[in-house]
Each structure stands twice: as structure tokens, then as C-alpha cells.
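Written out below as C-alpha cells is the structure these notes cover.
What follows is calculated from the coordinates using simple rules that are stated; it is not laboratory data. Computed from a predicted model, the values in this text were never measured in an experiment. Using ideal geometry, Cβ is built from the backbone for each residue, glycine included, and neighbour counts are taken over all protein chains shown.
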Amino acid sequence: MFDRSGSVSVGTLRAVLWDMDGTLLESENLWDIGVKELSLHLGGPMSEETRLATIGASSLNALTTVFASLDLDPHPEALADAKAWLYSRMGELFAAGLPWRPGAQQALRTVRSAGLGSALVTNTDRELCEFALDTLGRGHFDHSVCGDEVPAGKPDPAPYLRAAELLGVEPADCLAVEDSPTGAAAADAAGCTVLVIPSLTTVPESPRRIFRTTLEGLAESDLHALHRQEIG
């Protein structure tokens with residue numbers, strides 16, 4: 001169930017930082033619908049290569065990727081219009097219901113019962129994150145950090161650094177839970193140990209990253225062992 005990519009010096013586990021789309025919620029499939037419809041709205045179908053490049057990306061990076069794939073000029077007004085269209089559509093999709101990833105609900109409860117800090121760290125803007133928090137339950141988190149609330153989104157470490165700051169802990173004392181290369185890179189760069197639960201894309205190995213096939217069966221003792229990388 002566990003696999004280790006290496007080992008690095010870590011602190012004492014004090015908080016768990018959660019990615020949202022594809023990690024806690026099976027929402028990447030909804031984003032798949034939304035961004036593909038956006039591509040058609042802008043003038044053409046989306047290739048699989050382009051779709052994969054948008055997974056886990058910030059809104060700006062994802063939209064810029066879509067514009068480039070269609071050979072469109074990504075001037076600010078056009079990007080703003082495209083974002084408004086996409087977020088309107090995603091709001092409809094989110095409102096229709098957000099399914100959980102296997103084991104995610106219990107994992108959130110485990111972290112809470114362990115007395116650890118907990119923060120949601122997502123590239124999704126606050127507007128849509130609020131829809132998701134209705135499903136996730138705000139009580140599972142001490143804080144949430146959204147893509148439009150930091151200077152740069154993932155893969156920049158800023159979202160994870162901000163979450164650690166809000167929780168009053170060092171990044172080395174955090175276990176970040178991610179599913180995408182973009183998110184794992186952000187948490188890695190921030191100095192967190194990264195638990196990768198792969199979803200739609202393959203995440204490269206790294207000394208700070210530990211891989212698990214699912215969140216199901218995750219116990220408090222597992223969280224500490226994963227953070228210390230005492231695996232295998």
C-alpha cells in the first residue's frame with residue numbers, strides 16, 4: 001500500500017494540508033467537462049495533451065494553456081471573459097453534487113480526532129471553493145487557502161507557505177496530501193512532506209514524496225509514519 005521515493009529530514013507532524021480537486025473530491029471529472037466545454041466555446045475541441053496540462057493548474061495557467069492550444073491571443077480581457085464563462089459553468093456542475101474520493105471523509109475525521117491542524121489548499125478560486133466547502137464541511141479545516149488569495153498558485157509554493165503561516169507551523173511540520181504533479185511540486189517546494197494519492201495523472205517521484213494508492217484505511221499512526229517517511 002505504501003511506497004517511498006527517498007527520505008529527507010522532517011520535523012514533527014503538527015498539521016495536514018489538503019488539496020481539494022482530485023484528492024478529497026472526485027471533482028476533476030467535473031473540471032474535465034468544464035474546460036472541454038470552454039475550449040469548444042472558444043473555438044475548438046481540446047486535445048488530451050492540453051487537458052492533462054490543465055490538471056491541478058491555477059486558473060490563469062489553465063486558461064493560458066487553453067488559449068495557446070487554440071492559437072488565441074491571451075489578452076487580459078479575453079482571459080477574464082473566459083474565466084467568467086468557465087466559473088459560471090463550474091458553479092452549475094458543483095451545485096449538482098460533488099462526489100468524495102474513496103476514504104477522504106474518514107481521513108478528515110482522523111486528522112481532526114488526532115488534534116492536528118488542518119487546512120484546505122487549492123488552486124480553485126474562493127468563489128467555487130465555497131460550493132465545495134458545503135460538501136466537505138467547514139469544521140474539518142482550521143483555514144482554507146484559495147488560488148485567488150495568494151501571489152501565485154501551484155506549482156508555486158505560495159499556497160502551502162500561506163497555509164502553514166495561518167496554522168502557525170513550519171512547512172516541515174506539515175503533511176500535504178496531493179494528487180497532481182502541479183500540487184506535489186508546490187508542496188515539495190514549500191518544504192512539506194507530500195503524500196501522493198494519484199488520480200488522473202502520474203506524479204514523478206521525489207525524496208519528499210510518499211505514494212499511497214488510496215486514503216482508505218488511513219489511521220492516525222499512519223499519518224505520523226508517513227510524515228517521518230518510516231515506510232517500507
Practice task
Taking the Cα centre of the chain as origin, work out the dipole magnitude from +1 charges on Lys and Arg Cβ and -1 charges on Asp and Glu Cβ, in debye rounded to 20.
Solution key: 620 debye
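I need the peptides 65-72, 25-32, 188-195 ranked by packing, meaning the mean over residues of other C-beta atoms within 10 angstrom, with the highest value on top.
On the way: 65-72: 16.5, 25-32: 19.2, 188-195: 24.8.
Most protected by this proxy first, the peptides run 188-195, 25-32, 65-72.
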Exercise for the section: State which helices in the chain qualify, where a helix is a whole DSSP H run, it must extend 20 Å or more along its own axis by its Cα atoms, and its mean Kyte-Doolittle hydropathy must be at least -1.0. Expected result: 28-42, 76-95
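I need Arg51, Arg109 ordered by Cβ neighbour count within 10 Å, fewest first. Before the final figure, lay out the partial values.
Values: Arg51 20, Arg109 12.
Ascending Cβ contact count within 10 Å gives the list Arg109, Arg51.
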Problem - the range 47-84-the range 103-181 distance, computed between alpha-carbon centres (Å) - result: 24 Å
Completion exercise
Under a Gaussian network model of the chain whose springs join Cα atoms within less than 10 Å, the largest fluctuation of Ser58, Ser180, Ser199 belongs to Ser199
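Order these by the 10 Å Cβ neighbour count, fewest first: Leu116, Leu98. Provide the component values of the computation, followed by the final result.
Numbers: Leu116 22, Leu98 19.
Placing the least packed residue first, the sequence is Leu98, Leu116.
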Completion exercise
Where a ≥ b ≥ c are root eigenvalues of the Cα gyration tensor, a/c under 1.5 meaning rounded, otherwise prolate if a/b exceeds b/c and oblate otherwise, the range 58-173 counts as oblate
Exercise for the section: Order by neighbour count: Met46, Met90, fewest other Cβ atoms within 10 Å first, most last. Expected result: Met46, Met90
Handout entry: Read-out mean projected area of the Cα convex hull in nm², derived from the coordinates shown; its label in (1) 16.1; (2) 11.4; (3) 13.6
Key = (2)
